[in-house]
1. Restricting the search to the stretch 104-122, which residues are open to solvent by 10 Å² or more (accessible area, probe 1.4 Å), within 14 Å of the ligand (Cβ to nearest atom) and out of contact with any helix residue (DSSP H, G or I) (no Cβ under 6 Å at 6 or more places or on another chain)?
2. Filter the stretch 223-245 down to the residues that are part of a loop (DSSP other than H, G, I, E, B) and either open to solvent by less than 10 Å² (accessible area, probe 1.4 Å) or within 16 Å of the ligand (Cβ to nearest atom) (or both) and list them by number.
3. Could you count how many residues in the stretch 84-99 are touching a Ser or Thr at 6+ places or on another chain (Cβ under 8 Å) and over 17 Å from Asn57 (Cβ atoms)?
4. Consider Val125 against the criteria (1) in contact (Cβ under 8 Å) with a residue 12 or more places away in the chain; (2) within 15 Å of the ligand (Cβ to nearest atom); (3) open to solvent by 10 Å² or more (accessible area, probe 1.4 Å): it satisfies all of them except one. Which criterion is unmet?
5. Between a first residue in the stretch 302-331 that is on the phi > 0 side of the Ramachandran plot and a second residue that is acidic (Asp, Glu) and within 16 Å of the ligand (Cβ to nearest atom), which pairs have beta carbons less than 7 Å apart while being 6 or more apart in sequence or on different chains?
6. Among the residues of the stretch 182-208, which ones are closer than 20 Å to Pro359 by Cα and in contact with an Asp or Glu (Cβ under 9 Å, 6 or more places away or on another chain)?
7. Mind listing whichever residues of the stretch 262-290 are among the aromatic types (Phe, Trp, Tyr) and more than 16 Å from the ligand (Cβ to nearest atom)?
8. Do you know which residues across the stretch 281-314 are part of a loop (DSSP other than H, G, I, E, B) and basic (Lys, Arg)?
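The values are calculated or read from the model by the stated rules, or taken from the named source; none is laboratory data. Note that the coordinates shown come from a computational prediction; the quantities given were computed from them, not determined experimentally. No Cβ is skipped: glycine too gets one built from the backbone with ideal geometry, and neighbour counts run over all protein chains shown. Each accessible area value is taken on the protein alone, full model and side chains, heavy atoms only, with ligands, DNA and RNA left out. Shrake-Rupley method; radii C 1.70, N 1.55, O 1.52, S 1.80 Å.
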Amino acid sequence: MHASHPSLRRVGVVAVVVLVTGALFTPPSNAGSAPGIVRESFGATAEGPVHRYTLTNGKGMRVRILTYGGIIQTIEVPDRRGRTTNVALGFDNLTDYVERNPYFGCITGRYANRIALGRFTLDGVTYQLPINNAPNSLHGGDVGFDKHIWATSPFRRDGNVGLVMRYTSPHLDQGYPGTLTTTVTYTLTRGNAIRMEYRATTDRPTVVNLTNHTYFNLAGEGSGSIENHTLQLDASRYTPVDPTLIPTGSLDPVAGTPMDFTRPTAIGERIRDDFTQLVIGRGFDHNYVLDRRHRTGLQRAARVVEPRSGRVLTILTEEPGIQFYSGNFLDGTLVGTSGRMYRQGDGFALETQHFPDSPNQAAFPSTVLRPGETYRTTTIYQFGTTR
Ligand code: GLA
């Protein structure tokens with residue numbers, strides 16, 4: 001036994017000091033608990049048992065993530081007066097996630113968003129994907145990354161807590177070529193951010209476009225419409241779509257149209273304008289082309305403020321685009337985590353991504369991944385408050 005080894009004793013003393021100072025300076029509110037990770041059972045699918053991880057950062061945030069679909073089930077964040085509520089739409093049970101989830105919270109892949117007619121050609125070979133959003137393929141097909149159990153390992157680092165989630169998709173899974181080995185690292189930081197780092201490698205040329213599909217309501221999940229939220233998008237162009245929501249290929253300016261969120265604007269302010277793109281989308285369901293100051297690196301893409309609570313969500317990303325979806329297909333048939341039903345516009349999604357249908361659009365940034373390359377991209381959901 002080496003229990004009395006001097007260096008081990010020193011470690012023990014340091015740990016005690018940290019615990020004592022932690023106790024002395026712990027604020028009295030819910031913000032005061034130490035960072036933590038708890039795992040519990042959350043049922044099972046045909047693929048195996050599902051677990052739920054609860055991450056707390058000791059700074060007022062608590063996030064629940066399922067091993068099924070890498071789903072962010074809840075995000076509890078304080079408002080300007082320190083009152084905490086869950087701002088992510090979701091379900092309180094696994095069956096709803098398996099049977100009727102409109103992508104609440106999940107990792108979306110292999111290809112987030114739509115591929116026209118579910119078909120693309122790469123290196124002269126044409127691949128056919130499932131048509132699960134007629135006439136197109138949406139969010140990776142019938143059984144996308146949102147519907148698998150991810151091998152999950154928790155970690156703690158520098159006062160942050162997180163999960164490393166892994167899934168290997170076999171060659172021709174949902175019609176996509178190449179064995180795709182994917183890692184998504186979720187970190188709940190002590191700075192009240194959720195950092196998402198995506199990595200993927202392949203053994204054959206393929207296409208990949210990963211995102212997280214959390215729907216937010218910063219006043220609280222189930223509290224009603226998000227139309228009062230003000231949104232700012234760092235994007236002066238967007239990709240207009242045809243009636244099947246496939247980009248026409250042009251990058252149109254938002255200036256002078258209801259698509260313009262370059263200045264903070266209430267989501268509901270122009271959502272009923274008689275503008276063809278809003279009619280097609282039944283609201284906002286569009287990819288915005290981010291104004292990148294630098295070709296690479298993290299940059300702000302969006303800032304959302306809920307005026308009554310003062311909650312603020314800022315999204316930073318390395319991606320070239322962001323899909324703004326104003327919850328248009330929510331129709332009062334789903335009952336959410338807190339037992340209230342979701343109607344149209346009760347949540348919004350901001351999905352950082354490459355542009356929709358890029359495999360068929362030569363002028364869009366490429367989504368091709370080849371053997372020997374590593375797909376790497378990071379997105380951050382930063383939470384805060386304003387007065
Ligand atoms: C994306 C799409 C929407 C819708 C949602 C899921 O945001 O762009 O059209 O399919 O996913 O319901």
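1. So in the stretch 104-122, the residues open to solvent by 10 Å² or more (accessible area, probe 1.4 Å) come out as 114, 116-117, 119, 121-122.
Okay, now just the ones that are also within 14 Å of the ligand (Cβ to nearest atom), so 114, 116.
Correct list: Arg114 only.
2. Start the filter on the stretch 223-245 by keeping residues that are part of a loop (DSSP other than H, G, I, E, B), which leaves 223-229, 234-236, 240, 242-245.
Within the stretch 223-245, Ile226, His229, Ala235, Pro240, Asp242, Pro243, Thr244, Leu245 meet the criteria.
3. Adding up the residues that qualify gives 6.
4. Tallying (1) in contact (Cβ under 8 Å) with a residue 12 or more places away in the chain; (2) within 15 Å of the ligand (Cβ to nearest atom); (3) open to solvent by 10 Å² or more (accessible area, probe 1.4 Å), Val125 fails exactly one: (2).
5. So the pair list comes out as Gly327/Asp346.
6. Residues of the stretch 182-208 closer than 20 Å to Pro359 by Cα: 182, 198-208.
Result: Thr201, Thr202, Pro205.
7. Pass one, the stretch 262-290, residues among the aromatic types (Phe, Trp, Tyr): 275, 284, 288.
Passing the criteria: only Phe275.
8. Step one: list which residues in the stretch 281-314 are part of a loop (DSSP other than H, G, I, E, B), which gives 282-284, 290-298, 306-310.
Within the stretch 281-314, Arg282, Arg292, Arg293, Arg295, Arg308 qualify.
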